[in-house]
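Working notes, structure below.
The values are calculated or read from the model by the stated rules, or taken from the named source; none is laboratory data. Please read all numbers here as calculations on a predicted model, not as lab measurements. Counting neighbours? That spans all protein chains shown, and the Cβs are built from the backbone with ideal geometry, glycine included. Just so you know, the surface numbers come from the protein's heavy atoms only, side chains and all, with ligands and any DNA or RNA stripped out. Shrake-Rupley method; radii C 1.70, N 1.55, O 1.52, S 1.80 Å.
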Amino acid sequence: MSKNSEQISFIELDKLIPFRDHPFQVKDDEQMKMITDSIRSVGVLVPAIARPLDDGGYELISGHRRKRASELLGLPSLPVIVRNVDHDTATIMMVDSNFQREEILPSERAKAYKMKLEAIKRQGSRTDLTSVQVGQKLERKSSRDLIAENSPDSSSQIQRYLRLNELIPGLLKMVDDRKIALTPAAELSFLSKEEQELLLLTIDSEQATPSLSQAQRMKQLSREGKLTDDMILKIMTEQKKPECWNLTIPMNKVSKYFPKSYTPQRMAEVIFALLDRWQKSKSR
């Protein structure tokens, strides 16, 4: 059946099963409230997509939040397009449809990319490929390159997200909480689980997170079998180099506070004099 001839059916909510190992969280947050308010006002404008299961139910491919919003509103059913696709094709569809969301946690993106990568690899080993993405054949392009063609991230960025799947839960949560950036987190993923646990303890005790250079050094020491708890502590307690950055203040926002006769140099002198006075007042 072509997409143009697909029918929209209203399927009871209890027959719609969440996608197996669905990597994207469905929360009753502000975004859910917006979806609920929209459905209450105008209904579900975009049908969900699901595939039939052997037991008679349907596995949701897209529309998990629309289903939850419908549950909150007490609606009996959801408009759904049913597609007869296999699990691997459904996995690719599920990941691609959810990447259109505005807010996706790094951990969600990491798991989603892993699921899609595994699905593409399985399809690449078969002769009955049904996905357009995989129809280009894996022998011409790597799986990561194929993912990048239909994703918001580059192939190298996708590799970093994939590495997050090797982090212990405590460190992965710090990435989700924006306490550890993606690139150093990817470097830390090469540490053993025991080393990661030691690092997490040090982060907690020292209230400090590793920079990229620190993460790279720990990764190298781990490869050499020299990353002990003492070495982790030594690296984490060293003085970090201050960041070098320039501050630019728009002239049109500053000049209104000065007489027209003042030159930029004179304005700067006054600003620094005021900052000196402000600093002295704070130390009293």
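Results, tabulated for the structure shown:
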{"item": "Check on Leu146, crowded, with 18+ Cβ neighbours inside 10 Å and at pLDDT 90 or above", "result": "no"}
{"item": "Among residues of region 202-211, those that are surrounded by fewer than 14 Cβ atoms within 10 Å (Cβ to Cβ) and in a helix (DSSP H, G or I), counted", "result": "3"}
{"item": "Residue in region 17-29 that is assigned to a helix (DSSP H, G or I) and closer than 30 Å to Ala181 by Cα present", "result": "no"}
{"item": "Residues that are within 20 Å of the chain's Cα centre (by Cα) and free of Cβ contacts under 8 Å to residues at least 12 places away in the same chain, drawn from region 11-30", "result": "Lys27, Asp29, Glu30"}
{"item": "Members of region 49-62 that are of a type in the set (Gly, Ala, Ser) and modelled with pLDDT of 95 or more", "result": "Ala50"}
{"item": "Residue within region 220-231 that is among the basic types (Lys, Arg), part of a loop (DSSP other than H, G, I, E, B) and surrounded by fewer than 17 Cβ atoms within 10 Å (Cβ to Cβ) present", "result": "yes"}
{"item": "Selection status of Lys193, open to solvent by 70 Å² or more (accessible area, probe 1.4 Å) and of a type in the set (D, E, K, R)", "result": "yes"}
{"item": "Index of the failed condition, Pro169 passing every other in (1) over 20 Å from Thr228 (Cβ atoms); (2) open to solvent by less than 40 Å² (accessible area, probe 1.4 Å)", "result": "(2)"}
{"item": "Pair list, Cβ under 6 Å, 6 or more apart: region 177-196 residue under 23 Å from Glu103 (Cβ atoms), other residue of a type outside the set (A, V, I, L, M) and in a loop (DSSP other than H, G, I, E, B)", "result": "Lys179/Thr209; Ile180/Thr209; Pro184/Pro210"}
{"item": "For Arg126: the one exception among (1) modelled with pLDDT under 90; (2) within 26 Å of the chain's Cα centre (by Cα)", "result": "(2)"}
{"item": "Matching option when the condition is more than 19 Å from Leu227 (Cβ to Cβ) and among the small types (Gly, Ala, Ser), among Ser155, Ser205, Ser192", "result": "Ser155"}
{"item": "Residue pairs meeting the criteria (Cβ under 6 Å; at least 6 apart or on separate chains; first over 11 Å from Ser62 (Cα atoms), in region 76-103; second open to solvent by 20 Å² or more (accessible area, probe 1.4 Å) and among the charged types (D, E, K, R))", "result": "Ser77/Glu12; Leu78/Lys67; Arg83/Arg51; Val85/Arg51; Asp88/Arg122"}
{"item": "Subset of region 160-182 (residues that are closer than 13 Å to Ala110 by Cα and within 13 Å of the chain's Cα centre (by Cα))", "result": "Arg160, Tyr161, Leu162, Arg163, Leu164, Asn165, Leu172, Lys173, Val175, Asp176, Leu182"}
{"item": "Residue within region 51-68 that is of a type in the set (Val, Ile, Thr) and either open to solvent by 40 Å² or more (accessible area, probe 1.4 Å) or farther than 24 Å from Pro169 by Cβ (or both) present", "result": "yes"}
{"item": "Single condition Ser38 does not satisfy, out of (1) farther than 20 Å from Gln100 by Cβ; (2) surrounded by 13 or more Cβ atoms within 10 Å (Cβ to Cβ)", "result": "(1)"}
{"item": "Residue list for region 69-103, restricted to those being modelled with pLDDT under 95, open to solvent by less than 10 Å² (accessible area, probe 1.4 Å) and either in contact with a Ser or Thr (Cβ under 9 Å, 6 or more places away or on another chain) or of a type in the set (D, E, K, R) (or both)", "result": "Ile92, Met94, Val95"}
